[in-house]
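Structure first, commentary second.
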Amino acid sequence: MKKTDFITLVAGKAEMTKKDAEKALDAVLDSIEEVLIAGDKLQLIGFGSFETKDRPERTVRNPKTGESMTVAASTVPVFKPGKQLKDKVNG
């Protein structure tokens, strides 16, 4: 599903215009980004949690050439689904 399809779905469920649904979705996504950039954790009870994890520097090997190279340390966003979401997805 693409963002435009999701906006249409949200607009229908919330009985609002697509334009308003797009504004609301953009506001939610921007807010999640701000929380993660600040290094905080966002917990939505029943849905899941968003947080960041630090990935240490590591050495990897190119399978085609066998050459070793170093991948720099980084911080990555992580989503952990909540129990209610897991149960709904699994039926």
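The values are calculated or read from the model by the stated rules, or taken from the named source; none is laboratory data. Since the model is a prediction, treat every value here as computed from it, not as a measurement. Neighbour counts run over all protein chains shown; Cβ positions are idealised from the backbone, glycine included. For accessibility, only protein heavy atoms count, side chains too; no ligands or nucleic acids. Shrake-Rupley method; radii C 1.70, N 1.55, O 1.52, S 1.80 Å.
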Nearest 10 degrees is fine. How inclined is helix 3-14 to the longest principal axis of the chain, computing both from alpha carbons? 40 degrees
Helix 18-37: inclination vs the chain longest Cα principal axis, degrees, rounded to 10, gives 40 degrees
Carbon and sulfur atoms account, in whole percent of the 1.4 Å probe accessible area of the chain, for 56 percent
How big is the charge dipole of the chain about its Cα centre, in debye rounded to the nearest 20, if each Lys and Arg gets +1 on its Cβ and each Asp and Glu gets -1 on its Cβ? 460 debye
I'd like the projected area of the chain, averaged over all directions, using the convex hull of its alpha carbons. Report it in nm² with one decimal. 9.2 nm²
Summed side-chain charge close to I37 - residues other than I37 whose Cβ falls under 13 Å, Lys, Arg +1, Asp, Glu -1: -4
Suppose the chain between K53 and K18 were pulled fully straight at 0.36 nm per residue; how much longer would it get relative to their current alpha carbon spacing? 9.2 nm
In deg cm²/dmol, rounded to the nearest 500, the helical mean residue ellipticity at 222 nm of the chain, built from -39500 (n - 2.57) for every DSSP H run of length 4 or more, is -13500 deg cm²/dmol
Could you work out how far apart the two model spin labels at V28 and V71 are, taking each label as a point 7 Å from the Cα in the direction of the beta carbon, and quote it in nm? 3.0 nm
Low-density loop cleavage sites - GluC sites (Glu not before Pro) in segment 1-87, where at most 16 other Cβ are within 10 Å (DSSP): E15, E57, E67
Leaving out ligands and nucleic acids, note down the accessible area per residue over the chain with a 1.4 angstrom probe, in whole Å². 82 Å²
Summing +1 per Lys or Arg and -1 per Asp or Glu among the other residues with Cβ less than 15 Å from S68's Cβ gives +1
